[in-house]
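Participant: Quick one: the structure is below, and I'll ask about it shortly.
The values are calculated or read from the model by the stated rules, or taken from the named source; none is laboratory data. Because the structure is a prediction, the values reported are computed rather than measured. Cβ: placed from backbone, ideal geometry, glycine included. Neighbour counts: every protein chain shown.
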Amino acid sequence: MARPGASRAGGPRYSEAMNVFSDRRARLAQALRAAGGGIAVIPTAPARQRNSDNDHPYRHDSSFHYLTGFDEPNAWLVLAPSGESTLLCREKDPAHEIWDGVRLGPAAAPAALGVSDACDVATLDSVMPELLAGHGAVWFPFGVHAALATQVDGWLATLRARSRRGVQAPANQRDLGPLLAEMRLRKGAEELALMRHAAGISAGAHARAMRFCGARFRAAPQGSVREYEIEAELLHEFRRHGAQSPAYPSIVAAGANACILHYAAGNTELRAGELCLIDAGCELDGYASDITRSFPADGRFTPAQRELYDIVLAAQDAAAAATRPGARQREAHHAAVRVLAQGMLDTGLLDSKSVGNVDAVIESAAYRQFYMHGTGHWLGRDVHDVGEYLSLGEAPTDQPDGLGNQVLMPPSRQLEPGMVVTLEPGIYVRPAPGVPERYWNIGIRIEDDAVVTETGCELISRGVPVAATEIERLMREGSR
């Protein structure tokens with residue numbers, strides 16, 4: 001059988017975006033020069049066997065694709081500080097292409113991708129020492145690709161064996177990860193356009209899932225629907241609009257399962273009176289989206305569900321207001337926590353006689369009984385995208401770690417236009433002594449994707465309703 005992900009007949013078309021990738025390589029070369037020089041080596045991800053004669057659907061390495069736009073397996077990019085670039089890729093092979101799809105091949109790569117040169121990846125171990133020779137350092141991603149460090153050591157050993165002939169081997173090995181992370185953290189216009197498109201597709205998928213549940217329970221008010229049926233609606237909408245895959249395994253959690261943070265969609269029945277939590281987003285042309293919505297199975301929130309839902313939505317509003325240029329990345333979390341903690345006191349989830357006022361709840365981290373994760377993360381080519389969260393150039397200060405302790409660490413970094421973060425507060429109530437029973441087994445999270453703009457942030461995933469009344473209207477009417 002043909003392997004998943006095989007290229008369609010006629011071969012891939014890469015040249016349309018060549019200038020974008022050439023510009024990124026030029027910027028990385030400039031960063032190498034600014035850091036003292038040296039040559040960069042970036043492999044793509046390997047193909048991975050699923051079982052027997054069957055591979056997992058292929059997915060490229062994010063940084064390699066960011067620099068090349070090339071999505072075939074078994075490929076390498078070598079970038080010199082001068083900006084000269086060499087791609088190593090598979091040769092054309094008509095016999096294999098019948099089974100696995102058309103290959104670009106080294107001969108066509110320079111014109112298609114804008115690289116300076118290309119050669120057969122089968123010559124990797126003979127070509128790489130020649131490319132590394134004469135450079136003072138070799139840069140590659142540390143701790144990402146299995147056995148890469150061993151391969152680099154082997155190439156350097158080959159060069160050192162030639163030292164009597166005047167061949168210079170790089171004296172230093174340096175981590176390329178931080179340089180690439182800083183580049184990827186600030187999105188360009190073309191990246192933001194793709195991310196808005198991905199968010200729009202994912203928002204449509206969430207709306208489709210809500211309409212699906214609303215219709216099912218209108219037809220059979222005391223019926224049920226299984227989590228995997230809802231997941232199928234999401235996947236259908238992703239692929240129907242051209243997304244290649246989910247950006248991560250979709251969470252579809254019925255009832256009490258919503259209190260499990262990384263729950264995988266299973267066969268649990270969602271019943272009338274329960275909430276459904278969906279955390280799902282598509283990947284489009286290498287860029288992720290990440291949306292969470294919580295909605296009532298039968299289209300109407302119970303009073304207890306609505307109480308907690310409105311608290312979580314207010315917390316997200318506070319986080320969005322705190323997401324702006326110059327603000328610290330962590331400020332959105334602090335803003336959300338204050339709203340959530342006050343809500344926990346107001347509803348009796350936390351007893352003020354035991355835990356004190358909202359400031360005491362935050363200081364002791366008592367809120368973590370019901371909210372135990374952060375409010376957001378970087379988003380881009382990876383759903384938890386690369387990028388430093390701390391301002392490493394600033395002096396460490398004594399600050400809360402969110403666990404009720406004080407730690408010495410730098411402050412979180414300042415936000416800049418073009419950065420993309422998620423905003424995802426939640427409340428998860430498991431049965432426990434002293435917790436009002438009307439809230440038991442309610443799990444709520446609301447998550448949107450936020451682009452930092454010149455004046456604040458843009459929530460690019462609001463194509464799906466978020467206000468409780470709008471969700472109820474969508475599920476009741478089947479349309480917005």
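Participant: Checking Q342 against (1) over 30 Å from A432 (Cα atoms); (2) more than 29 Å from the chain's Cα centre (by Cα); (3) of a type outside the set (A, V, I, L, M), which test does it fail?
Facilitator: Of the numbered conditions (1) over 30 Å from A432 (Cα atoms); (2) more than 29 Å from the chain's Cα centre (by Cα); (3) of a type outside the set (A, V, I, L, M), the odd one out for Q342 is (1).
Participant: If you don't mind, there's one more thing I want to ask. Taking the criterion of being outside the structural domain of L176 (by TED's automatic domain parsing), outside any strand (DSSP E or B) and surrounded by fewer than 14 Cβ atoms within 10 Å (Cβ to Cβ), would at least one residue in region 404-413 satisfy it?
Facilitator: Within region 404-413, one or more residues are outside the structural domain of L176 (by TED's automatic domain parsing), outside any strand (DSSP E or B) and surrounded by fewer than 14 Cβ atoms within 10 Å (Cβ to Cβ).
Participant: Right, A205: more than 13 Å from A297 (Cα to Cα) and crowded, with 22+ Cβ neighbours inside 10 Å or not?
Facilitator: Judged against the criteria, A205 is a match.
Participant: Also, I was wondering about something else. Return the only residue of A360, A332, A321, A304 being surrounded by 18 or more Cβ atoms within 10 Å (Cβ to Cβ) and either in contact with a Lys or Arg (Cβ under 6 Å, 6 or more places away or on another chain) or at pLDDT 95 or above (or both).
Facilitator: Every option except A332 fails the conditions.
Participant: Right, another one. Starting from residues that are outside any helix (DSSP H, G or I) and touching a helix residue (DSSP H, G or I) at 6+ places or on another chain (Cβ under 8 Å), keep the ones in region 192-243 and report whichever is modelled with the lowest pLDDT.
Facilitator: G223
Participant: Scan region 173-200 for residues that are more than 25 Å from E454 (Cα to Cα) and either among the acidic types (D, E) or assigned by TED's automatic domain parsing to the domain that holds P465 (or both) and jot them down.
Facilitator: D175 - this is the single residue of region 173-200 that is more than 25 Å from E454 (Cα to Cα) and either among the acidic types (D, E) or assigned by TED's automatic domain parsing to the domain that holds P465 (or both).
Participant: Every residue in region 107-124 that is touching a helix residue (DSSP H, G or I) at 6+ places or on another chain (Cβ under 9 Å), surrounded by fewer than 19 Cβ atoms within 10 Å (Cβ to Cβ) and more than 17 Å from P73 (Cα to Cα), please.
Facilitator: A111, S116, D117 - these are the residues of region 107-124 that are touching a helix residue (DSSP H, G or I) at 6+ places or on another chain (Cβ under 9 Å), surrounded by fewer than 19 Cβ atoms within 10 Å (Cβ to Cβ) and more than 17 Å from P73 (Cα to Cα).
Participant: Select from region 375-390 the residues that are surrounded by fewer than 19 Cβ atoms within 10 Å (Cβ to Cβ) and over 9 Å from the mean Cα position of the chain (by Cα) and list them in ascending order.
Facilitator: Across region 375-390, the qualifying residues are E388, Y389, L390.
Participant: If you take the residues in region 428-462 that are touching a Leu at 6+ places or on another chain (Cβ under 8 Å) and not hydrophobic (A, V, I, L, M, F, W, C), which one is surrounded by the fewest Cβ atoms within 10 Å (Cβ to Cβ)?
Facilitator: Only one residue fits best here, namely P436.
Participant: Okay, next question. Of the conditions (1) under 19 Å from L277 (Cα atoms); (2) aliphatic (A, V, I, L, M); (3) touching a Leu at 6+ places or on another chain (Cβ under 7 Å), L340 fails just one. Which one is it?
Facilitator: (3)
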